[in-house]
Ligand code: AMP
Ligand code: ZN
């Protein structure tokens, strides 16, 4: 660890063990704060996970500073994934909580490259908003 760097690690966490080199992975990018590696079960070719090196369960738990470190690196990592795979589009996906299909409890940002005809599909059936004003006001009031 670098001087002044605060790292929270969880010995039982699979991604903390990847950060600590106790579990192997295919690293595509690494710096003091962020690690990116190939997903072991890719949804498309070049599917990459971007994680903070410190342990935080979900996006909701992420300190703003760490969220910023991730966000700062996403454009160049996305460009690299597209360039290397020849894909022309990419999904950024974060599953937070069991209800949102989160399986690994260390927040991770999926980069899922897309090409025409790759066969991957996210079902996207738009609904309608009931009580938009009440909902808007509730969410607005809940922002800390
Ligand atoms: P989720 O928590 O549902 O967002 O997804 C967890 C993701 O982590 C899945 O896409 C897995 O394929 C991936 N994964 C789990 N274990 C490993 C590992 N050891 N190395 C790389 N990717 C992994
Ligand atoms: Zn962890």
**Q.** Within the stretch 27-42, tally of residues that are buried (at least 17 other Cβ atoms within 10 Å of the Cβ), more than 7 Å from ligand 1 (Cβ to nearest atom) and under 15 Å from residue 85 (Cα atoms)
**A.** 1
Q) Just one of 62, 74 is crowded, with 16+ Cβ neighbours inside 10 Å, more than 16 Å from ligand 2 (Cβ to nearest atom) and in contact (Cβ under 8 Å) with a residue 12 or more places away in the chain; which is it? A) 74
Q: Working carefully through the options 28, 34, find the one that is touching a strand residue (DSSP E or B) at 6+ places or on another chain (Cβ under 9 Å), at pLDDT 95 or above and over 23 Å from residue 100 (Cβ atoms).
A: 28
Q: For the stretch 84-96, state whether one or more residues are in contact with a helix residue (DSSP H, G or I) (Cβ under 9 Å, 6 or more places away or on another chain), modelled with pLDDT of 95 or more, surrounded by 13 or more Cβ atoms within 10 Å (Cβ to Cβ) and over 16 Å from residue 112 (Cβ atoms).
A: yes
Q: Examine the stretch 116-123 for a residue that is surrounded by 12 or more Cβ atoms within 10 Å (Cβ to Cβ), under 20 Å from residue 40 (Cα atoms) and in contact (Cβ under 8 Å) with a residue 24 or more places away in the chain, and state whether such a residue exists.
A: yes
**Q.** the stretch 46-75, residues that are under 15 Å from residue 110 (Cβ atoms), touching a helix residue (DSSP H, G or I) at 6+ places or on another chain (Cβ under 6 Å) and more than 14 Å from ligand 1 (Cβ to nearest atom)
**A.** 52
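The values are calculated or read from the model by the stated rules, or taken from the named source; none is laboratory data. Remember, predicted model here, so these are calculated numbers, not experimental data. Note that we place each Cβ from the backbone using ideal geometry, even for glycine, and neighbour counts take in every protein chain shown.
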